[in-house]
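Report on one structure; see the data block that follows.
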Amino acid sequence: MGDGVSMVVTIRPASVNDADAVGEVHMRAWQSAYRGVIPDDYLNGLHAQDHATRWREHLIAPSSDGHLLVVVDDHRVVGFASLGPALDSDASSGIGQLYAINLDPKDQFSSHIVRSVVRVFRCLCRGCRRRTELLYVFVLFEQVRHRRLRLL
């Protein structure tokens, strides 16, 4: 396109080199999405480096069968999703769980990014990556009440 905006969004498995960017997105997404839901003192005290450290540790030595995917637009990580098997002890095999999905607030309304994320999310719900019959998604009640939440 002539406006200098990349229309190619890549969603790929995260590498250890993505940890700092994922930490930044994680912090900014929480500070934006949970403002008015979680106390400001908590949100203002979040540090991207703390999140990056946890994601780096997970990528170096995964503690579960989960996966971390990054959303990359114009060579920049603009979001991530963490998913894997359902964590409920009574969940049957074949049930997956979306542990987290976050987009950088300044990119969350970019239609080409959102379309790409929704396409991958739909694919995962239909089981094309793992034979998942059902995908659990947990959200805070206040998020649903105050914002329109439409997954599919």
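Here, each number is a calculation from the coordinates, and none is a lab measurement. It should be emphasised that the depicted structure is a prediction, and the values quoted were computed from it without experimental measurement. When we count neighbours, we look across all protein chains shown, and the Cβ atoms used for this are built from the backbone with ideal geometry, even at glycine.
Could you state the number of Å between the C-alpha centres of region 1-80 and region 84-107?
Here the two parts' Cα centres lie 15 Å apart.
Which FRET efficiency value, to the nearest 0.05, do you get for Thr10 and Tyr42 by plugging their Cβ-Cβ distance into 1/(1 + (r/R0)^6) with R0 = 35 Å?
0.60
So the label point goes 7 Å from the Cα of Glu57 along Cα→C-beta, right? Which residues of region 19-51 then have their backbone N under 14 Å from it?
Residues 49-51 fall inside that zone.
Report Rg (one decimal) and Dmax (nearest whole number) for region 1-117, counting Cα atoms only, units Å.
15.3, 52
Under the Karplus relation 6.51 cos²θ - 1.76 cosθ + 1.60, θ = phi - 60°, what is the ordered set of whole-Hz ³J(HN,Hα) values for region 13-28, x standing for Gly and Pro?
Values per residue, Gly and Pro as x: x, 6, 10, 4, 5, 8, 4, 5, 5, 5, x, 4, 4, 4, 4, 5 Hz.
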